[in-house]
Amino acid sequence: MSFTTRAVGQPNTLDYRVFVEKDGKIVSPFHDIPLFADEANGIYNMVVEIPRWTNAKMEISKEDPLNPIKQDTKKGKLRYVRNAFPHHGYIWNYGALPQTWEDPNQTNSDTKCVGDNDPIDVCEIGEAIGHVGQVKQVKILGVMALIDEGETDWKVLAIDVNDPLAAKMNDVEDIERYMPGLLHATNEWFRIYKIPDGKPENQFAFGGE
């Protein structure tokens, strides 16, 4: 199943939109892309919202028709993630699992917090830098439970199945084995990335494991 993208407008503007297409027809990255690329082998689809090393806070719009990816705003201004030393922008290809949603009306029994009203987030750790709207096929290696301003915000750790290391990696221990330091950097990034904006440090459930 092959997907392409169609960009409308200029990046870093309020009007910029990236639509996902299949066979030349616009589809919703929220509703129309299957969660599984190969369910029998545990391969998932993920939609790249924010390519690695970039700062613009791009996300699937739940409200707009066909759910294009657009830059988030606050008080009418475009949002960017600040660089939190020593990191630059997002340190993985960041995106979402299609056909998922974290329910803001349901309290998770483990985290004791409600969902964040968004699709489940994915940090894709492969070496290739993605592009906005790209649909990657990924293998899930683990998950972290971020507590972000009182809401449960699951962060799935995954790798592109086409990455040279994908065949060797099956769980979080393999991340540390083949990409030493990345788990620590990921935990640190999520804890501190809002501090430059004057917000408190985020917390993790399960002691950050």
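The values are calculated or read from the model by the stated rules, or taken from the named source; none is laboratory data. It should be emphasised that the depicted structure is a prediction, and the values quoted were computed from it without experimental measurement. Note that we place each Cβ from the backbone using ideal geometry, even for glycine, and neighbour counts take in every protein chain shown. When the accessible area is computed, the model is the full protein with side chains, heavy atoms only, and any ligands, DNA or RNA have been set aside. Shrake-Rupley method; radii C 1.70, N 1.55, O 1.52, S 1.80 Å.
Considering only DSSP beta bridges where both residues belong to the range 107-209, give the percentage that are antiparallel (nearest 5).
Numbers: 13 of 19 bridges.
Antiparallel: roughly 70 percent of the beta bridges in the range 107-209.
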> Considering only protein heavy atoms, what is the solvent-accessible area of W53 at a probe of 1.4 Å, reported in Å² to the nearest 10?
Replying inline: 120
> So how much accessible area does I125 have, in Å² to the nearest 10, using a 1.4 Å probe?
Replying inline: 10
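What dipole magnitude, in Debye to the nearest 20, does the range 1-114 give about its Cα centre under +1 on Lys/Arg Cβ and -1 on Asp/Glu Cβ? Before the final figure, lay out the partial values.
Working: 14 positive and 14 negative charges, 142 e Å.
Computed charge dipole of the range 1-114: roughly 680 debye.
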>> So for each of 141-150, 8-17 I average, over its residues, the number of other beta carbons within 10 Å; can you give me the resulting order with the highest mean first?
In response: 141-150, 8-17
> When the solvent-accessible surface of protein heavy atoms is calculated with a 1.4 angstrom probe, in what order do K77, K22 fall, highest first?
Replying inline: K77, K22
> Taking the C-alpha atoms of the range 14-123, how large are the radius of gyration and the largest Cα-Cα span, Dmax, in Å?
Replying inline: 15.2, 45
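Helix-derived [θ] at 222 nm for the chain: sum -39500 (n - 2.57) over DSSP H runs of at least 4, divide by residue count, nearest 500?
Values: 2 runs with 18 residues, N = 209.
Using -39500 (n - 2.57) per qualifying helix, the result is -2500 deg cm²/dmol.
Could you tell me what fraction of 2.2 N^0.38 Å the Cα radius of gyration of the chain comes to, as a two-decimal ratio?
Details: Rg = 16.5 Å, N = 209, 2.2 N^0.38 = 16.8 Å.
Against the empirical 2.2 N^0.38 Å value, I get 0.98 for the chain.
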> Could you give the semi-axes, largest first, of the ellipsoid that matches the range 114-180, computed as the square roots of 5 times the alpha carbon gyration tensor eigenvalues and rounded to whole Å?
Replying inline: 23, 15, 9
